[in-house]
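**Q** Okay, here's the structure, questions in a sec.
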Amino acid sequence: MKFINLQKPKKNNIMFKQNYFYKYLLISLLIFSNLATNAQKLVSIDSLTSYTLSEIDELLETNEIVPALIDIKYAVTLYKLIYKTTNYDGSETMASGLFVVPQNHEKQFPMLSYQHGTILKKDDVPSMQNYESLIGIVYATEGYATTMPDYIGLGDSPGFHPYHHSQTEAMSVIDLLRAAKDAAADSINVRTSDLLFLSGYSHGGHSTMAAHMYIEQNFSDEFTISASTPMAGAYDLSTTQKESLLQDVEYGSPGYLPYMAYAFNMVYDLWTDPSEYFVPPYNVSLDTLITGEYSFSTINEYLPAIPKDMLTADAIDSLTNNYNFKLNWALRQNDVYDWTPQAKMRMFYCSADEIVSPQNTEIAYNKFIENGAQNVSKYDAVPTFGHRECALPAILASKYWMNQIRDELTGIYHPEESQHFADIKIYPNPIDENSVLQFNKKGVLHYKLDIYKITGQIVFSQNKIYAGQDFRLNQLNLHKGAYILRITAASEAKQSPEIKKVACFF
């Protein structure tokens, strides 16, 4: 396998609002009545491939990820799962997803669901081993049983993908987790624990937020979320993200606008003809472009750099001024920030993101705090990075944050790790002027400390830090960001040095 190196108000507005409310209330009731019984979701399992430790190391280097940033602990096996889930209209449908597991039958591993970013081409999905499947391999080699839903309408799932439709996003995640648990217990022979982590970037950030919300509001008796990391997601579709798409400036991914409009038209019947929204030639050409045959980057080349140039004057006016305009209503139904998370959540983003405005994170965070959330935080991974550059450091930083929570919840995932690292602590973390790195005294001659940026560059190295010494991290004067500490212990008892990696946040 080779990876690749992300109208003005009308008289019937009130009637429209009432009709749509009752129609989609009925659909929602149908969906959740179908979900009331957790029937068998797994349809089929297909073993795809496996990777040894050395092959994983090679994959990381090929994709320009410094192996020192990853704890390569387990060989992994990849499976494609076909499973049953619920479509936007309440009907049963099939979906596909990737399941990546550590090759170990004795240990018990937490579950982690990673949600991919925007994909238009139907076969460019994790279960068909696209570039994002590497993320699943990384999580699995570090000790997570990792699911990656393709989403409804992508991969082997029939029909068109309901892009940014929160309910189907959430159910794609939830039903794949169910199918994976069945597969793990019955066919794959890997042990999973009750710990559950959720993560995703860009479109996957919105999907992760939706899944977290739906699980806590509807399935808390079945799943308990340990932590989630929504990253750079458009949580506020109806205001922040809509305004980004309607500006008179060039936008890096103009395809977002028609992709979402066509998806919501499928779900909410926005128009009888595309010309109600789109000017020529887009009122005709979009029907050909947005079919799942072409990649998202390909259709971007055929679209104007200013997305609103695709829209009719009436559509722009209605989106701007008519609260009850159909598309505005649809966007509001899929905002995912006005609720109260209970489990730990850290939202990662980059403040220079030009595609998904950082204001999405700010609005979501502020609303969560206003609603009384106690376990929500946000972190600006690399403030100067745009949307595409932000992906890797945000994903790595979120992984280390979740690793820390995993290790706080249970110690069974590192039984082979030396006691020489048991008392190594960084506190406080995130780093302030009082933070120290404390080294264990027992049986160690000395330690070596290497500090890496989350992007892979080494920024500090010191040999022979002696046992019992406290190392003050604020003396390094590092810029704000996430860093990986690689600590090597030279012990009296072992000839080979032992290595531990810890994340810290400045």
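The values are calculated or read from the model by the stated rules, or taken from the named source; none is laboratory data. Every value quoted in this text rests on a predicted model; they were computed, and no experiment measured them. Don't worry about glycine lacking a Cβ; one is built from the backbone with ideal geometry, like all the others, and counts go over all protein chains shown.
**Q** Just to be sure I understand the filter: pairs with C-beta atoms under 7 Å, separated by 6 or more residues or on different chains, first member in the range 140-155 and more than 13 Å from Gln129 (Cα to Cα), second member among the hydroxyl-bearing types (Ser, Thr, Tyr) and part of a loop (DSSP other than H, G, I, E, B). Which pairs pass?
**A** Cβ pairs passing all conditions: Ala140/Tyr74; Thr141/Tyr74; Gly143/Tyr74; Gly143/Tyr413.
**Q** Only one of Ser253, Ser295, Ser238 is among the polar types (S, T, N, Q) and within 26 Å of Pro383 (Cβ to Cβ); which?
**A** After applying the criteria, what remains is Ser253.
**Q** Also, quick follow-up: Would you be able to tell me the number of residues in the range 186-217 that are closer than 19 Å to Asn403 by Cβ, of a type in the set (S, T, N, Q) and more than 17 Å from the chain's Cα centre (by Cα)?
**A** The total comes to 2.
**Q** Can you name every residue in the range 136-163 that is in contact with a Leu (Cβ under 9 Å, 6 or more places away or on another chain) and among the β-branched types (Val, Ile, Thr)?
**A** Ile137, Val138, Thr141, Thr146, Thr147
**Q** Considering each residue of the range 66-77, count those that are in contact with a helix residue (DSSP H, G or I) (Cβ under 7 Å, 6 or more places away or on another chain) and either over 30 Å from Ser157 (Cα atoms) or assigned to a strand (DSSP E or B) (or both), and give that number.
**A** The number of residues fulfilling the criteria is 7.
**Q** Sticking with this one: If we keep just the residues of the range 362-403 that are at pLDDT below 95, assigned to a loop (DSSP other than H, G, I, E, B) and in contact with a strand residue (DSSP E or B) (Cβ under 9 Å, 6 or more places away or on another chain), which is surrounded by the fewest Cβ atoms within 10 Å (Cβ to Cβ)?
**A** Val382
**Q** Same structure, new question: Working only within the range 86-126, note down all residues that are polar (S, T, N, Q) and farther than 16 Å from Lys181 by Cβ.
**A** Result: Thr86, Asn87, Ser91, Thr93, Ser96, Gln103, Asn104, Gln115, Thr118.
**Q** Could you check, for the range 352-359, whether at least one of its residues is buried (at least 17 other Cβ atoms within 10 Å of the Cβ), of a type outside the set (Val, Ile, Thr) and in the same structural domain as Gly252 (by the TED database)?
**A** no
**Q** Would a scan of the range 261-269 turn up a residue that is farther than 19 Å from Phe160 by Cα, under 26 Å from the mean Cα position of the chain (by Cα) and either assigned to a loop (DSSP other than H, G, I, E, B) or modelled with pLDDT of 95 or more (or both)?
**A** No, the range 261-269 contains no residue that is farther than 19 Å from Phe160 by Cα, under 26 Å from the mean Cα position of the chain (by Cα) and either assigned to a loop (DSSP other than H, G, I, E, B) or modelled with pLDDT of 95 or more (or both).
**Q** Read through the list (1) among the charged types (D, E, K, R); (2) in contact with a His (Cβ under 8 Å, 6 or more places away or on another chain); (3) surrounded by 22 or more Cβ atoms within 10 Å (Cβ to Cβ), then give the number of the only condition that Arg191 fails.
**A** Among (1) among the charged types (D, E, K, R); (2) in contact with a His (Cβ under 8 Å, 6 or more places away or on another chain); (3) surrounded by 22 or more Cβ atoms within 10 Å (Cβ to Cβ), Arg191 violates only (3).
**Q** When residues of the range 287-334 are filtered for being assigned to a loop (DSSP other than H, G, I, E, B) and farther than 19 Å from Ser244 by Cα, how many remain?
**A** 8
**Q** Let me ask you something else. Quick one: count up the residues across the range 460-504 that are modelled with pLDDT under 75, among the aliphatic types (A, V, I, L, M) and either touching a Gly at 6+ places or on another chain (Cβ under 9 Å) or farther than 19 Å from Ile405 by Cα (or both).
**A** 4
**Q** Something else: Regarding Ser253, is this residue part of a loop (DSSP other than H, G, I, E, B) and modelled with pLDDT of 95 or more?
**A** So Ser253 passes the test.
**Q** Could you check the range 215-250 and list, in sequence order, the residues that are β-branched (Val, Ile, Thr) and either under 30 Å from Met310 (Cα atoms) or in a loop (DSSP other than H, G, I, E, B) (or both)?
**A** Hits for the range 215-250 are Thr224, Ile225, Thr239, Thr240, Val249.
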